[in-house]
Amino acid sequence: MEEEYIKLIFGLKLKQIRSKKNLSLFGLSKLTGLSKSYLNEIEKGKKYPKTDKIALLAEKLEVPYDNMVSLKLDKNLAPVGELLKSKILKELPLELFGIKESDLIDIVANAPTKVNTFISTIIGIAKQYNFGKENFYLASVRSHQEANNNFFPDIEKAVVSLSISHQIDLSKSVSSEELQEILVEEYGYTVLEEDLTKHQESDGLRSIFIPKTKTLLVSNHIDHTQKTFIYAKEIGYNYLDIQDRLYTFTWIKFENFDQVLNNFYASYFAGALIIPRTLIRNQLDEFLAKTKFDWRSIIAIKNGYNASPETIYQRLTNILPNDYHFENLFFLRFSHKADTERFEITKEFHLTHHMPQGNEVDEKFCRRWVSIGVLKKIGEMTGSRRMEVCISRHPLNGQDYLIFCSTNKDARRKDEFQSIVLGLLVNQQLRKRIRFIDDSNIKTYEVEETYERWEIYDYQVRNRPAQVLQQKEKNSKTEQVVSELQRKYS
């Protein structure tokens, strides 16, 4: 255990013993001859007394010396002690929210019983909703995005700086070939496209980076836009000088919160590089100024970038809140199996006041968002792509959302679809900037508050755990392949 936590545990025990004796700090000071300020600093975990002072405290409080110095806490403080021993405070991304670790330690020292109750409550909620470390880290990143309105000026400036130093033309979208050349020539990468796809367990991976030899293994099953994003992200890791990072995409394993946060920063950098801010702003200005909704403008924006619809929509969640003040928005990614009722949310992001949000682990279908009918219509596709725009009206609270949907067939999975949804709250600010908002050609759907539940037939105890075990087994096999490839190319 770290020294500061040993100090805190001693302080907690001293305060607990003093309280049981019905002594104030002033009373303990008179009893022992130690100053009140010194005792206060001990109880707050800021100082650890010398042996003679501990012996004095033990004598005056009529407590065995060994009990005073023991790290074992009674049942009332045991959860707090376990929290400190686990070093979870070191893992919490406190600095993102302007909180110092010492602040939490002071709270624990001043109100240990209440903090114990709070911690037990949080642990209980986490267990009930199967809320693991990964969920916590991802939720923390989303909170960080919300706190910054999902716009990070330093990364935007870094992209512009890169374009100058590497002579990248930001008046158009970059190509994967241009980015690959930068990786090879500037950062000494070796890019290979064969080995990754030789292993069935690596089917879910798009890339693996081996740092020792700067070898980037890229799946040859991914399309041009996905390669572009991977290369841009690798450039982001290098240009932003990020050392603590993930080496697989999409990832299967992480060691700490910094890796998850840095993954977001590198992804943000990639989106800003592929979809330059000035360029998309010019296109949006022209599109939003039209009095009638124009599909040609949407298609021109989509075709103007070497990026997937998901990357474009994600980039809009950076630009729209900051540059157009559309701060009430949400982004969702759905997967859908044809001829089934399965609509599963695989990515979810919200800014400020919004209605569509799910809050239960097994309730994958968000409450009060776009109607089921709209989703089904999106899924019934004859071609490989479909785009949809509509108004989602919620009569219960009088809120409307302008919804943009883009749905693609999954090229790697038969009868699978991915739907990307961007929703903007229709308010005064949006009406001022979007002139086509009252276009009669945009259909409106009234949406009630719904509670979607998965129906489980012939339920057996092991049905759910078996799925988790299968996923763990798959991840384990994938991890073995990653290790083999790391050894081979190192």
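The values are calculated or read from the model by the stated rules, or taken from the named source; none is laboratory data. Small disclaimer: the values here were computed from a predicted structure and weren't measured. Note that we place each Cβ from the backbone using ideal geometry, even for glycine, and neighbour counts take in every protein chain shown. Just so you know, the surface numbers come from the protein's heavy atoms only, side chains and all, with ligands and any DNA or RNA stripped out. Shrake-Rupley method; radii C 1.70, N 1.55, O 1.52, S 1.80 Å.
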Quiz item: What is the packing order of peptides 32-42, 61-71, 173-183, taking the mean over residues of other C-beta atoms within 10 Å and listing the highest first?
Solution: 173-183, 32-42, 61-71
Practice problem: Provide the FRET efficiency to the nearest 0.05 for the LYS100-PHE264 pair, computing r from the beta carbons and using R0 = 25 Å. | Solution: 0.65
Quiz item: Spin-label point model (7 Å from Cα, Cβ direction): what's the ASP323 to ASN149 distance in nm?
Solution: 1.4
Quiz prompt | Inter-site label distance for THR197 and ASN475 at 7 Å from Cα along Cβ, in nm | solution = 2.7
Quiz prompt | Virtual spin-label span in nm between THR121 and LYS20, 7 Å along Cα→Cβ | solution = 2.6
Quiz item: Within a Cβ distance under 9 Å of ILE319, other residues only, what is the Lys/Arg minus Asp/Glu net charge?
Solution: +2
Exercise. Taking all protein chains together and a probe of 1.4 Å, list VAL191, VAL184 from the most accessible to the least accessible.
Key: VAL184, VAL191
Practice problem: Could you go through region 176-189 in sequence order and give the Karplus-derived ³J(HN,Hα) for each residue, using 6.51 cos²θ - 1.76 cosθ + 1.60 with θ = phi - 60°, rounded to whole Hz, and x for Gly and Pro? | Solution: 5, 5, 5, 6, 5, 4, 5, 4, 6, 7, 8, 10, x, 6
Self-check item: Local electrostatic count at GLU186 - Lys and Arg +1, Asp and Glu -1, tallied over other residues with Cβ under 12 Å
Solution: -3
